[in-house]
Amino acid sequence: MRVGERFHAMTLREFLTLRFPHVEWPLWKEVVDDGHIRRGTTALRAEDRVRAGDQLAHVRPAMVEPVIATGIDVIFADEHILGLAKPAPLPVHPSGRYFKHALTTIIAEARPEAPVWVVHRLDADTTGVLIFARNRDAARDLCEQFRKGEPRKIYLARVSGEPSSQSFECDAPIAPGTGRGGMKRSAPDGLPSRTRFDVIARLGGGTTLLRVTPITGRTHQITLHLRELGFPIIGDHAYSDAWSEHHASSGATARLEPHAFELTIRHPGDTMPLVLRAPAPEWAAVSRSEARA
């Protein structure tokens with residue numbers, strides 16, 4: 001990692017978090033504390049200063065990366081945008097235990113002559129619509145749209161429990177930063193957050209299929225808000241206090257992360273609305289015999 005002029009005299013922590021904004025500090029802290037960020041042969045500490053022109057090395061111990069899903073489908077492509085249906089598990093960026101096993105790395109190796117720009121992301125275990133910009137102008141336009149919260153997102157989620165209303169919302173504020181294991185938590189003085197939920201079908205085993213519309217876009221917002229409402233994602237061992245019960249009652253063999261079903265943006269080329277959809281996963285399919293009013 002070469003330290004550019006704009007990072008001169010920053011601490012290592014400042015450099016890493018500004019240079020790689022998609023990687024949260026707790027992940028870097030573990031790497032730094034283990035002595036894996038080095039200048040020459042010297043392991044740097046978080047408070048050490050870096051200098052313009054420094055060549056830093058991230059020394060990775062020998063390891064076997066976790067298995068990922070590679071069934072990536074193209075759902076839209078033109079000179080401005082690449083739209084994919086992302087499978088899971090598959091992280092967007094290299095981070096933590098993932099280096100080559102990341103979507104951006106796969107794209108770069110498949111099409112080294114056609115770079116793409118990341119404009120938003122999905123969690124590693126979340127499936128669905130993910131878009132990349134294919135030129136710098138499109139990247140600036142799309143990043144600004146996401147910064148302003150303009151894109152309209154619709155997710156699908158299968159949860160444990162049966163809401164009493166067909167439509168409901170959660171506006172629990174979410175604390176900045178992350179706690180143990182990268183989890184988020186609600187807090188009265190947290191960041192404003194709001195999610196709308198609509199029942200699609202009430203299913204067997206006390207589970208419900210929901211259409212989810214996040215009004216704001218906080219990290220882990222959907223799973224955290226569902227926990228706050230008492231309807232955790234099926235198999236959610238991170239945000240459910242009774243994971244084993246939900247797991248057993250649903251018959252699920254894995255956590256069913258929200259699926260990014262639909263994304264509406266303003267096309268950076270002609271400014272017209274563009275709607276992209278990713279086919280619903282098997283767990284979102286509803287048979288007539290299974291659904292109840």
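Before moving on, here are some points about what is shown:
- Residues located in region 23-51, provided they are of a type in the set (D, E, K, R) and in contact (Cβ under 8 Å) with a residue 40 or more places away in the chain: Glu24, Arg49, Arg51
- Contact map, region 217-233: first residue acidic (Asp, Glu), second residue not in a loop (DSSP other than H, G, I, E, B), Cβ cut-off under 9 Å, separation 6 or more or different chains; pairs are Glu228/Cys170; Glu228/Ser186.
- Annotation: Gly96 fulfils all but one of (1) on the phi > 0 side of the Ramachandran plot; (2) modelled with pLDDT of 90 or more; the unmet one is (2).
- Residues that are over 21 Å from Arg140 (Cβ atoms) and aromatic (Phe, Trp, Tyr) were ranked within region 69-123; the one that is surrounded by the most Cβ atoms within 10 Å (Cβ to Cβ) is Tyr98.
- When the criteria are applied in full, Thr104 fails the requirement of being hydroxyl-bearing (Ser, Thr, Tyr) and in contact with a helix residue (DSSP H, G or I) (Cβ under 6 Å, 6 or more places away or on another chain).
- Between Val92, Val74, Val67, the distinction of being under 15 Å from the mean Cα position of the chain (by Cα) and over 20 Å from Val212 (Cα atoms) belongs to Val92 only.
- Condition check for Phe15: modelled with pLDDT of 90 or more, in a helix (DSSP H, G or I) and within 25 Å of the chain's Cα centre (by Cα): yes
- Any hit, region 180-202, residues being buried (at least 16 other Cβ atoms within 10 Å of the Cβ), closer than 26 Å to Val59 by Cα, in contact (Cβ under 8 Å) with a residue 60 or more places away in the chain and not polar (S, T, N, Q): no
- Pick from region 142-160, criterion surrounded by 17 or more Cβ atoms within 10 Å (Cβ to Cβ) and touching a Ser or Thr at 6+ places or on another chain (Cβ under 9 Å), ranking: farthest from Pro115 (Cα to Cα): Ser160
- Cβ separations smaller than 8 Å between residues 6+ apart or across chains give the following pairs from region 261-277 residues that are under 18 Å from Lys86 (Cβ atoms) to residues that are part of a strand (DSSP E or B) and among the polar types (S, T, N, Q): Leu274/Thr264; Val275/Thr264; Leu276/Thr264.
- Filter pass, Lys184 being among the charged types (D, E, K, R), assigned to a loop (DSSP other than H, G, I, E, B), touching a Ser or Thr at 6+ places or on another chain (Cβ under 8 Å) and closer than 29 Å to Gly83 by Cβ: yes
- Set Thr207, Thr223: member being outside the structural domain of Ala88 (by TED's automatic domain parsing), crowded, with 21+ Cβ neighbours inside 10 Å, within 25 Å of Trp28 (Cα to Cα) and of a type in the set (Val, Ile, Thr): Thr223
- Identity of the residue in region 49-64, under 25 Å from the mean Cα position of the chain (by Cα) and either in the same structural domain as Pro273 (by TED's automatic domain parsing) or closer than 18 Å to Trp28 by Cβ (or both), that ends up surrounded by the most Cβ atoms within 10 Å (Cβ to Cβ): His58
- Exactly one residue out of Leu203, Leu142 is modelled with pLDDT under 90 and more than 30 Å from Val67 (Cα to Cα), and it is Leu203.
- All positions within region 1-30 that are in contact with a strand residue (DSSP E or B) (Cβ under 9 Å, 6 or more places away or on another chain), farther than 20 Å from Pro176 by Cβ and crowded, with 17+ Cβ neighbours inside 10 Å: Val3, Met10, Leu12, Phe15
The values are calculated or read from the model by the stated rules, or taken from the named source; none is laboratory data. A quick note: this is a predicted structure, and the numbers were derived from the prediction, not measured. All Cβ positions, glycine included, derive from the backbone under ideal geometry; neighbour counts span all protein chains shown.
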